[in-house]
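**Student:** I'd like to ask some things about the structure below.
The values are calculated or read from the model by the stated rules, or taken from the named source; none is laboratory data. Being a predicted model, the structure only gives us computed values, none of them experimental. So basically every Cβ, Gly included, is an ideal-geometry build from the backbone, and we count neighbours across all protein chains shown. What goes into the accessible areas is simple: the full protein's heavy atoms, side chains included, and nothing from ligands, DNA or RNA. Shrake-Rupley method; radii C 1.70, N 1.55, O 1.52, S 1.80 Å.
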Amino acid sequence: MRRGLLALWLAVLWLAAGAALAQDQPESPIETWEAVAERAETTIEAARASTEAFENLREELTGWREEFLQAQSINASRIETVQAQIAALGPPPEAETDTEDERIAARRAVLEAQLARLRAPVILAEEAHTQADGLIAEIDGIVRARQAERLASRGQSPLVPAGWPRAWEALRDSLLLTRAELVASYNTPALRAAAGQALPQVLVFLSLALVLVLRGRRWTAVLGQRLTARTRRGRGVLAFVLSLGQVVLPLAGLVALYAAAEATGLLGRRTEALMAALPFVGLYPVIAHWLAGQLLPLRETGRLPVVSLALPPDAHRRAHRLFVALGYALALRVLLEIVVISNGINEASRGVLAFPIGLIIAWLIFALGRALLHSGVDLEGEAEGTASEPPPGQGFRVGSTQLVGRALILIAALGTVLAALGYTAAFELAIFPSAATLYVLGTLLVLQRLAFDLYGLLTGAAEGETDALIPVLIGFLLVLAALPVLALVWGARVADLTELWARFQEGFAIGETRISPSDFLTFALVFVIGYAVVRLLQGALRSTVLPKTRLDIGGRNAVVVGVGYVGIFLAAVIAITTAGIDLSGLAIVAGALSVGIGFGLQNIVSNFVSGIILLIERPISEGDWIEVNGQMGYVRAISVRSTRIETFDRTDVIVPNADLVSGQVTNYTRGNSVGRLILPVGVAYGTDTRKVEAVLQGIAEAHPMVLLNPAPYVFFSGFGDSSLDFEIRAILRDVNFILSVKTEMNHQIAEAFAKEGIEIPFPQRDLWVRNPEDLRGPSEEGT
């Protein structure tokens, strides 16, 4: 039954693609998939195929799965159209007693039949995709089980002398066979004659190889020092670009060496494999020299250090040498693997031969870890008994460096113990990837430093500036890009990474809604474009359109902010619609979440709604002088959640919008800047009150900031404890100048009272002493 449905789907898919099978074609795609699926099931059930055979089978199944995934979107636009047509007819009758027009019922039946035919290939594609996905998962399980079994397997320890003769004999035989192959080629007259004719070419390649390998790094270093010494801006970028010559030139020399050997025509199968792998083998020491010069430079490189490890001078030089030596050890290990593969050396002998190299690498890792433990240790400060304060951020780098050092020591010790116990595979998994990881992390640090240098070059920032956001984000992306490389270094299969990528491409399902990366990217792209358009529209309104209207500043800001809210909402809706994301399946989940969010964020929602009310009703506007909750100042910004008020002592007060809507707010400049001034004045008892009134009235009317309509008024407020109390009550043109007006009037009042002989009283107290004789001392009483 399953095969029949699958055959039906493939037939429909074949017809939809517009391809016709010829009658004499020996095998159709339907039969091909059936044969592949049957062969995969048989192979998985037997579980006797080699790992390489399983990987090849998995790759074939992955291709079919991708085809099935693409086939799931077949007829998508047509299906959407038919579904819209059915929805336009309205819901079908729910009860048997309900009637529907015969023409609508007939049309509904035709459309539903058409929809079923259109969805059949999609459903069958989903079923076939599920089958292929399951077969791939079973193969992955078998391969991982074999890897785990190999890691946990314990063989003969390389320390047991019984295995040494066979291993060294296998290596000797391989070398002898390689030598015999080369001698046989040389003893062939035709090959020897061809090699003699190619001698000039060979000498040219050989000379070029020797020059580039032996002097390439030195020439590049000298050139870099000279050029960077003459450059001020972009020294880091220039030094990095020139330093790449330390990698390119030696590798070019190794390629030239291989070309020289190939030009002789004397290479056989084994020698060809060795020489062809020579550039790849030499890549390890070349990269080691380059990274050591970047991370642990022994001389000035023309740029700031990639990362400050804070090592003492002796530890710094020792770490540099160990880092380079580790590259040569890894190259020796790769060369041994090539010899083993090309000569068919068995696994036991391979483990014995690889053990000395692994032991050397373990010792180098251990020594490098011990050197890194000296990070942050100031030997001179310790000798003097003083401690220096580390620069900002240095503590984290020192701690990280010491942590890496401890990890290297632990891995080296653990790997050596595993090798001694006979766990050769586990030993290799612990040692070799650890060494390679150091070079991956070193390359990552160099590229991150390059990101900061490029940012400084493009923006003119100071060299070594590490606080900018953009290079930090670039560094984060570099870390993400390095994760697959690290996974491969630590034994992950390429198939594992492709499987993760396939899962990522499939997306994830929420209810009946599936969101794929392409949908997300489409949504992000459309939303960013819409957001940019909204910002451009806001800028045009703020600078060009609204200033030509009669709206005040508060009204303009309200219009601009409102356009921003509506525009962002429309941009989100358009982006969701364009991406084809169906949110109907999330309606119930969103409804449930909204209840909980409503209780948890009710204050934020209240402030948000209050902000909208403030923008619509505009009881306050930017620039208004208000008083709320005992705070007085100018409104500087009205945002969605809160309003910022600048007090007269130049401090900012953030007031939630809900307080401005539901609380009492005093707005001194709402609509206009006119305001009243009340200035109290006191004179001594016995002063002519009419004279005082006339003086104060004249001062108020003479001030330019006081309006004459309504005219200022002098109010005789009453009789105080020690003064006659008056008040000047006047309306100012601009209440924002009330303090300066008060100051100026006080000066004029003091001058006028002094001229008119009017006394400004001050509190006076008469002190009456009861029983003064009690205050006298004994000596006074005797006299």
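**Student:** Just to confirm the filter: which chymotrypsin sites (Phe, Trp or Tyr not before Pro) across segment 653-736 are DSSP coil and have at most 12 other Cβ within 10 angstrom of their Cβ?
**Tutor:** Filter output for segment 653-736: Tyr685.
**Student:** Ok, one more. What lysines does Lys691 reach when the alpha-carbon gap must be under 29 Å and sequence neighbours fewer than 8 apart in one chain are set aside?
**Tutor:** List returned: Lys742, Lys755.
**Student:** I would also like to ask the following. So for segment 638-766, Kirkwood radius off the Cα pairs, Stokes-Einstein at 25 °C and 0.890 mPa s: how many µm² s⁻¹?
**Tutor:** Value of D from the Cα-based Kirkwood radius: 143 µm²/s.
**Student:** For segment 652-760, state which trypsin sites (Lys or Arg not before Pro) are in a DSSP loop and have at most 16 other beta carbons lying within 10 Å of their beta carbon.
**Tutor:** When the trypsin sites (Lys or Arg not before Pro) of segment 652-760 are filtered for loop state and at most 16 Cβ neighbours within 10 Å, Arg670, Arg733 remain.
**Student:** With each label point set 7 Å from Cα along the Cα-Cβ vector, what nm distance links Ala348 and Leu488?
**Tutor:** 3.5 nm
**Student:** To continue, here is another question. Which trypsin sites (Lys or Arg not before Pro) in segment 537-576 sit in a loop by DSSP (not H, G, I, E or B) and have at most 10 other Cβ atoms within 10 Å of their own Cβ?
**Tutor:** Arg550
**Student:** Can you pull the one-decimal nm distance between simple spin-label points at Asp173 and Ala113, each 7 Å off the Cα toward Cβ?
**Tutor:** Taking the two extended label points, one gets 7.6 nm.
**Student:** In nanometres, what is the gap between the two model label sites at Ala46 and Leu441, each 7 Å from Cα along Cα-to-Cβ?
**Tutor:** Simple spin-label model gives 4.6 nm for this pair.
**Student:** Give the long-range amide H neighbours of Tyr668: residues separated by 5 or more places, or on another chain, with amide H under 5 Å away, using H modelled in the peptide plane at 1.01 Å from N.
**Tutor:** Result for Tyr668 returns Trp625, Ile626, Glu627.
**Student:** Another question, if that's okay. At a 1.4 Å probe radius, carbon and sulfur cover how many percent of the accessible area of segment 175-257?
**Tutor:** Within segment 175-257, the accessible surface is 68 percent carbon and sulfur.
**Student:** Could you tell me how far the Cα centroid of segment 186-253 sits from the Cα centroid of segment 38-76, in Å?
**Tutor:** What the calculation gives is 46 Å, centre to centre.
**Student:** If we count every other residue with Cβ under 10 angstrom of Leu368's Cβ, Lys/Arg +1 and Asp/Glu -1, where does the sum land?
**Tutor:** +3
**Student:** Given a 1.4 Å probe and every protein chain left where it sits, what share in percent of the accessible area of segment 121-162 is carbon and sulfur?
**Tutor:** 61 percent
**Student:** Taking segment 47-153, how much of its Cα-Cα pair set, in percent, is spaced more than 15 angstrom apart?
**Tutor:** The calculated P(r) of segment 47-153 puts 73 percent of pairs beyond 15 Å.
**Student:** I've got another one for you. Which net charge results when you count Lys and Arg as +1 and Asp and Glu as -1 among the other residues whose beta-carbon is under 14 Å from that of Ala288?
**Tutor:** Residues near Ala288 contribute +3 overall.
**Student:** Over segment 645-747, with the other protein chains present, what is the accessible area per residue in square angstrom, probe 1.4 angstrom?
**Tutor:** I get 56 Å² per residue for segment 645-747.
**Student:** Another question about this same structure. Taking amide hydrogens as modeled 1.01 Å from N in the peptide plane, which residues meet the under 5 Å criterion relative to Thr643, leaving out close sequence neighbours?
**Tutor:** Val655, Asn657
**Student:** Can you work out ³J(HN,Hα) from phi for every residue in segment 686-699, in order, using Karplus 6.51 cos²θ - 1.76 cosθ + 1.60 and θ = phi - 60°, giving whole Hz and x for Gly and Pro?
**Tutor:** x, 7, 5, 5, 5, 5, 4, 4, 5, 4, 5, 5, x, 4
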